[in-house]
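A quick write-up on the structure given underneath.
The values are calculated or read from the model by the stated rules, or taken from the named source; none is laboratory data. A quick note: this is a predicted structure, and the numbers were derived from the prediction, not measured. Virtual Cβ from ideal backbone geometry, glycine too; neighbours counted across all protein chains shown. In case anyone asks, the SASA skips ligands and DNA or RNA and just uses the protein heavy atoms, side chains included. Shrake-Rupley method; radii C 1.70, N 1.55, O 1.52, S 1.80 Å.
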Amino acid sequence: MPELPEVETIRRTLSPQITGRTVHRVEIRDASAIGHPPVDEFVSRLTGQVFGEPDRRGKYLLLPLAEEMTLLVHLRMTGRLLYGEADPAPPKHRRLTIHLDNGRTLFFDDQRRFGRLYLLKSGELPGWPPLQKLGPEPLSGSFTEQYWLDLLTKRGRCRIKPLLLDQSCLAGLGNIYADEALHRAGIHPAACAGTITPEQAAALYRSIRQVLQEGIAAGGTTFRDYRDSQGQPGGYAARLRVYRRENLPCLACGHPVQRRRIAGRSAHFCPVCQPEK
């Protein structure tokens, strides 16, 4: 699933292409991709709208529109939002096409059909349940060291890997960057939050921000499905230290990387660099 760096990369690459562009026509190829409102209303409301500058909240892409509306895109596992020329032979997994006033198009492709688009009044956004439940952005000023320390104390019995994936604690962090951040901080993914020392907490706070910033700078991580709005893969996979490197040597110490399921989610770690207490 695209995480914060991937969605942020899409936002940045899409911004100069659609900001100020008018929706000329909307073509729905799969009604299940529309989460709200009903399809006919979705099309009528979106047609004629002018895109503002894209924004992001957690793993949601927010596309503001001129008439106090916002188009939200949740890519889920295999969703792609692509900008380009009209395609006379669209692939079978194309779900929606937005035709713009400059002759270009905005495509939503989704092979596994889990992604959704929502068209909401902008005033409804703060109270929309999926956004309302999100915690602070890890790269924003609201994610402070004090917030982090308080969170670890409050959720002391929680294992740290599931806690990092809890979107009500931090918005946008997922499996890839959680594993990478824990490795850099030398913390085992099964450690309970309450056992993490202040020094480890500070190291993890820094590493969370570092791996996310590096992921954005590299254009995100691509293994198979993810592409930015121009169809380009991300380059961060070549810099991963533990994620998807099971049985390969740890890049820090050379010991084989291990994988374990923790609270139903896979975790990659080095047992030497991240000893389990």
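Of everything listed in (1) under 15 Å from L120 (Cα atoms); (2) surrounded by 18 or more Cβ atoms within 10 Å (Cβ to Cβ); (3) among the aliphatic types (A, V, I, L, M); (4) in contact with a Gly (Cβ under 7 Å, 6 or more places away or on another chain), the single unmet condition for L63 is (4).
Restricting segment 232-243 to residues that are in contact (Cβ under 8 Å) with a residue 40 or more places away in the chain and over 24 Å from R113 (Cα atoms) leaves a set whose member that is most open to solvent (accessible area, probe 1.4 Å) is R241.
Residues being polar (S, T, N, Q), out of contact with any helix residue (DSSP H, G or I) (no Cβ under 9 Å at 6 or more places or on another chain) and more than 18 Å from T13 (Cβ to Cβ): count how many of those fall in segment 68-106. The total comes to 2. Do the conditions hold for G186, that is, is it modelled with pLDDT under 95 and small (G, A, S)? No, not satisfied. Among the residues of segment 247-271, write down those that are part of a loop (DSSP other than H, G, I, E, B) and either touching a helix residue (DSSP H, G or I) at 6+ places or on another chain (Cβ under 8 Å) or closer than 14 Å to L182 by Cβ (or both). Across segment 247-271, the qualifying residues are C250, A252, A263, C270, P271.
Scanning segment 184-231 for residues that are in a helix (DSSP H, G or I), over 21 Å from L149 (Cβ atoms) and open to solvent by less than 20 Å² (accessible area, probe 1.4 Å) returns a single hit, G215. V257 meets all of the listed conditions (1) open to solvent by 20 Å² or more (accessible area, probe 1.4 Å); (2) of a type outside the set (F, W, Y); (3) more than 17 Å from the chain's Cα centre (by Cα) but one, namely (1).
Having 1 or more residues that are among the charged types (D, E, K, R) and more than 28 Å from R209 (Cβ to Cβ) is the bar; report the strands (runs of 3 or more DSSP E) wholly within segment 1-106 that clear it. Give the derivation first.
On the way: elements: 23-28, 34-36, 55-57, 60-65, 69-74, 79-85, 94-100.
Passing ranges, in order: 23-28, 79-85, 94-100.
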